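Quick notes on the structure that follows.
The values are calculated or read from the model by the stated rules, or taken from the named source; none is laboratory data. The structure displayed is predicted, hence computed values, not measured ones. Please note: Cβ atoms are built from the backbone with ideal geometry, for glycine as well, and neighbour counts cover all protein chains shown.
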Amino acid sequence: MTQGVGERDQQAADRWIPRAEVLSLLGVKTQTLYAYVSRGRITARPDPHDPRRSLYAASDVARLKGVSGGEGAGTVLPFDPPAARGECVIQSSVSLVADGRLYFRGRDAAQWAQAATLEETARLLWDAGDANPFAGLGVRVDAAGGASHRARLFAALSRRAEESAFCTDRSADVLRADAALTINEVVDAVAGPGPRLFFHQRLARGWKMLERDSLHLRRALVLAADEGPDSAVLATRAAASGGASPAGAALAGLVTLTGSPEARTVSRTIAWVVEARRDPAGAAARRMAAEGAIPGFGSSRFPLGDPRVGALLALADLPDDLRAVIREGEAASGQRAGFAVGLAIMARRLDLPRDGASDVLLIGRLIGLMAHAIDQAIDGSPIRARLRYVGPRPAVD
């Protein structure tokens, strides 16, 4: 029986193809494909044989490949606007913020965090595929010391930065193994050595959390892994471009993060939540009258609300006083609670140390910064900057 045209078209519409085929057909880079997915121009779904990988709708690819309207057939419309004057454009395949959503390599981060572990998130962001760089990692005998969780984190990370080889001329698998070893030692430094459980379980034990609450910590760590381009990402990529090891590049990024607006907002929000628990409505009104804003509420990156907040707090079973902090803060400010609020609220819900929300942010972001270091070392665009001297002219004898 001869196959009809309509039947062939329907089969084409039902086809799902792997990433490599899409990139070949469209002639674009991976980050452009993720941009198309996030904008809804190409439909993606998990590969039923390997949920860590995605398949893409062949019909959407065909439509993009043949798009017209001032563009020639076979031309793909550009996603990114041209660079502004003085702006540095860096290619990245790690994450994307688009249409009010955050995507980890094309996966909706809020949905991904519902079930993924920090290890699985690292494998996704590091583009590890079927390989598991965390397999077989043990306990280091000479654990890094320090008086606080943050001090031990930086001690372990800086030690790995000193011990690790440069990124230059090392394979992706070797870099991922190096990054995995670093994360393993950092978690041990923060939580203390113990059974080789998942990272969030080891941290939960270190913080003496109830075992049933560790899933909330897992979700918070995953959601904190990356937030798109910022100064910490730029510092990480610049260091990796210069040849620094994954640990060294991530150290540059994490140090930058500690002084960033994001980290400062988390610190101010932690203090705000402590204050507001006693009198949510009164504290919100006083802060608005004094400063015109409340720490952690509103986001230029997510003007309609950060989707990570709902994903983080949906199943948290918050007590009434913490719910009131969010409710009254949103009512007084007219802004939605941002991720800093979600982290601070969750830290209080889990009874973490006072700076626990900041620690969660740093540990989670370390996974993403490692991803940027590896991505830059393997497939990153050159980072070139030129300083224009505007100081005094040299004295002439």
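Here are a few things to note about the model shown:
- Within region 248-261, tally of residues that are assigned to a helix (DSSP H, G or I) and either free of Cβ contacts under 8 Å to residues at least 60 places away in the same chain or surrounded by fewer than 19 Cβ atoms within 10 Å (Cβ to Cβ) (or both): 5
- In region 282-303, residue farthest from Val325 (Cα to Cα) [restricted to those that are small (Gly, Ala, Ser) and surrounded by fewer than 17 Cβ atoms within 10 Å (Cβ to Cβ)]: Ser300
- Test for Phe154: is it of a type in the set (Phe, Trp, Tyr) and either more than 30 Å from Leu315 (Cβ to Cβ) or touching a Ser or Thr at 6+ places or on another chain (Cβ under 7 Å) (or both): yes
- Subset of region 26-43 [in contact with a strand residue (DSSP E or B) (Cβ under 7 Å, 6 or more places away or on another chain), assigned to a helix (DSSP H, G or I) and modelled with pLDDT under 75]: Ala35, Ser38
- Condition broken by Gly129, with the remaining ones in (1) over 21 Å from Asp359 (Cα atoms); (2) of a type in the set (Gly, Ala, Ser); (3) in contact with a helix residue (DSSP H, G or I) (Cβ under 6 Å, 6 or more places away or on another chain) satisfied: (3)
- Scan of region 283-317 for residues that are among the aliphatic types (A, V, I, L, M) and within 14 Å of Leu217 (Cα to Cα), ordered by number: Val309, Ala311, Leu312, Leu313, Ala314, Leu315, Ala316
- Reported count of residues in region 345-397, each being closer than 30 Å to Gly296 by Cβ and of a type outside the set (Gly, Ala, Ser), is 22.
- Filter result (at pLDDT 70 or above and either of a type in the set (D, E, K, R) or touching a His at 6+ places or on another chain (Cβ under 9 Å) (or both)) within region 6-25: Arg15, Arg19, Glu21
- Top-ranked residue of region 262-282 - restricted to ones that are free of Cβ contacts under 8 Å to residues at least 24 places away in the same chain and assigned to a helix (DSSP H, G or I), ranked as nearest to Ile374 (Cα to Cα): Arg264
- One residue stands out in region 44-75 among those that are among the acidic types (Asp, Glu) and modelled with pLDDT under 80: the one that is farthest from the chain's Cα centre (by Cα), namely Glu71.
- Residues within region 304-320 that are surrounded by 15 or more Cβ atoms within 10 Å (Cβ to Cβ) and part of a helix (DSSP H, G or I), tallied: 6
- Filter pass, Pro353 being free of Cβ contacts under 8 Å to residues at least 12 places away in the same chain and either touching a helix residue (DSSP H, G or I) at 6+ places or on another chain (Cβ under 6 Å) or surrounded by fewer than 16 Cβ atoms within 10 Å (Cβ to Cβ) (or both): no
- Looking across Leu137, Leu124, one residue alone is in the same structural domain as Leu215 (by TED's automatic domain parsing) and buried (at least 21 other Cβ atoms within 10 Å of the Cβ). It is Leu124.
- Among the residues of region 352-374, the ones that are in contact with a His (Cβ under 6 Å, 6 or more places away or on another chain) and of a type in the set (A, V, I, L, M) come to 0 in all.
- In region 337-353, the residues that are closer than 10 Å to Val273 by Cβ and assigned to a loop (DSSP other than H, G, I, E, B): none
- Residue pairs whose Cβ atoms lie under 9 Å apart, separated by 6 or more positions or on different chains, with the first residue in region 178-205 and in contact (Cβ under 8 Å) with a residue 24 or more places away in the chain and the second assigned to a helix (DSSP H, G or I) and among the hydroxyl-bearing types (Ser, Thr, Tyr), are Phe198/Ser214; His200/Ser214; Leu203/Ser214.
- Test: residue in region 360-370 that is over 19 Å from Gly228 (Cα atoms) and touching a helix residue (DSSP H, G or I) at 6+ places or on another chain (Cβ under 7 Å): no
- Subset of region 351-388 [under 21 Å from the mean Cα position of the chain (by Cα) and either of a type in the set (Ser, Thr, Tyr) or on the phi > 0 side of the Ramachandran plot (or both)]: Ser358, Ser381
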